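There's a structure below that I have some questions on.
The values are calculated or read from the model by the stated rules, or taken from the named source; none is laboratory data. None of the values given here were measured: they were computed from a predicted structure. All Cβ positions, glycine included, derive from the backbone under ideal geometry; neighbour counts span all protein chains shown. Only protein heavy atoms, including side chains, enter the accessible area calculation; ligands, DNA and RNA are left aside. Shrake-Rupley method; radii C 1.70, N 1.55, O 1.52, S 1.80 Å.
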Amino acid sequence: MQQRTVLFDLDGTLTDPREGITRSVQYALSKLDIHEPDLVALEHFIGPPLLQCFMHTYSLTEARAWEAVNHYRDRFREVGLYENQVFDGVIELLQLLQDQGRILYIATSKPTVFAREIARHFDFARYFKAIYGSELDGTRTNKVELIAHLLEQEGLDPADTLMIGDRKHDLIGAHSNGVQAVAVGYGFGSLEELSSERPAHHVQTLAQLRQAFAG
């Protein structure tokens, strides 16, 4: 893991957004008269593009799913953004990588405007050269497109770039762009989901991830 450039997913990799996302999904569904009392049943919304997740989970048309997304954002921008926790050890990891002279970016399917506010509010924006997310109209929610865009905009060499994430979308996005992938097991992707994408590295804890870079 000697790559000079490191891309980080946000949800499930840098922070635990479980409460904010699931409660905002629950709120959005209630606006569509769909009632889901079990927040755990909504955890699969963490990571994948939101529009597709609403469509696939509840067999919604695209138009109806956009209604859900907009209701979700109404709550998320006011409350859900802040119902979030930085994983213990993340700041120490980011400091280590910065001290090593590596260049760090965030690459998330979350809209850029939300990702930047989360990084600002929880005080880790300073470790990243730039934060790349999707547009509010859904552009670049796909990690393949997002990482391709980031590499092009920043003029990065894929061979000297590493992508760290907790869901298969992160690994697929990396592989499709010639970038090595690191799967982390402390987020929301199952061992089976992550292993099936054959990441170059697979760590279970943040301590192991830090050790991999420190070693």
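For Ile21, state whether it is open to solvent by less than 60 Å² (accessible area, probe 1.4 Å), in a loop (DSSP other than H, G, I, E, B) and of a type in the set (A, V, I, L, M, F, W, C). Working first, answer last.
Working: open to solvent by less than 60 Å² (accessible area, probe 1.4 Å): yes; in a loop (DSSP other than H, G, I, E, B): no; of a type in the set (A, V, I, L, M, F, W, C): yes.
No: the conditions fail for Ile21.
In this structure, is Thr13 at negative phi, outside any helix (DSSP H, G or I) and at pLDDT 95 or above?
Judged against the criteria, Thr13 is a match.
If you don't mind, another one. Taking the stretch 90-121 only, how many residues are assigned to a helix (DSSP H, G or I), over 19 Å from Pro17 (Cβ atoms) and open to solvent by 10 Å² or more (accessible area, probe 1.4 Å)?
Looking only at that region, the number is 5.
Checking Leu194 against (1) in contact with a His (Cβ under 7 Å, 6 or more places away or on another chain); (2) under 24 Å from Arg4 (Cβ atoms), which single condition isn't satisfied?
Of everything listed in (1) in contact with a His (Cβ under 7 Å, 6 or more places away or on another chain); (2) under 24 Å from Arg4 (Cβ atoms), Leu194 misses just condition (2).
Does His149 satisfy being part of a strand (DSSP E or B), under 17 Å from the mean Cα position of the chain (by Cα) and either farther than 16 Å from Ile46 by Cβ or of a type in the set (D, E, K, R) (or both)?
So His149 fails the test.
For (1) closer than 30 Å to Lys129 by Cα; (2) open to solvent by less than 40 Å² (accessible area, probe 1.4 Å); (3) of a type in the set (A, V, I, L, M, F, W, C), each residue gets a yes or a no:
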position: Asp9; (1), (2), (3): yes, yes, no
position: Thr15; (1), (2), (3): yes, yes, no
position: Val25; (1), (2), (3): no, yes, yes
position: Ala28; (1), (2), (3): no, yes, yes
position: Lys31; (1), (2), (3): no, no, no
position: Leu39; (1), (2), (3): no, no, yes
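Further question: Which condition does Leu50 not pass, out of (1) at pLDDT below 95; (2) open to solvent by 70 Å² or more (accessible area, probe 1.4 Å), if it passes all the others?
Unmet condition: (2).
Here's something else I'd like to know. In the stretch 19-62, what residues are touching a Leu at 6+ places or on another chain (Cβ under 8 Å) and basic (Lys, Arg)?
Arg23
Filter the stretch 163-215 down to the residues that are among the acidic types (Asp, Glu), in contact (Cβ under 8 Å) with a residue 12 or more places away in the chain and assigned to a helix (DSSP H, G or I), then identify the one that is most open to solvent (accessible area, probe 1.4 Å).
Glu193
Another question, then. Would you be able to tell me the number of residues in the stretch 90-106 that are under 17 Å from Thr205 (Cα atoms) and in contact with a Leu (Cβ under 9 Å, 6 or more places away or on another chain)?
Residues flagged as under 17 Å from Thr205 (Cα atoms) and in contact with a Leu (Cβ under 9 Å, 6 or more places away or on another chain) within the stretch 90-106 amount to 5.
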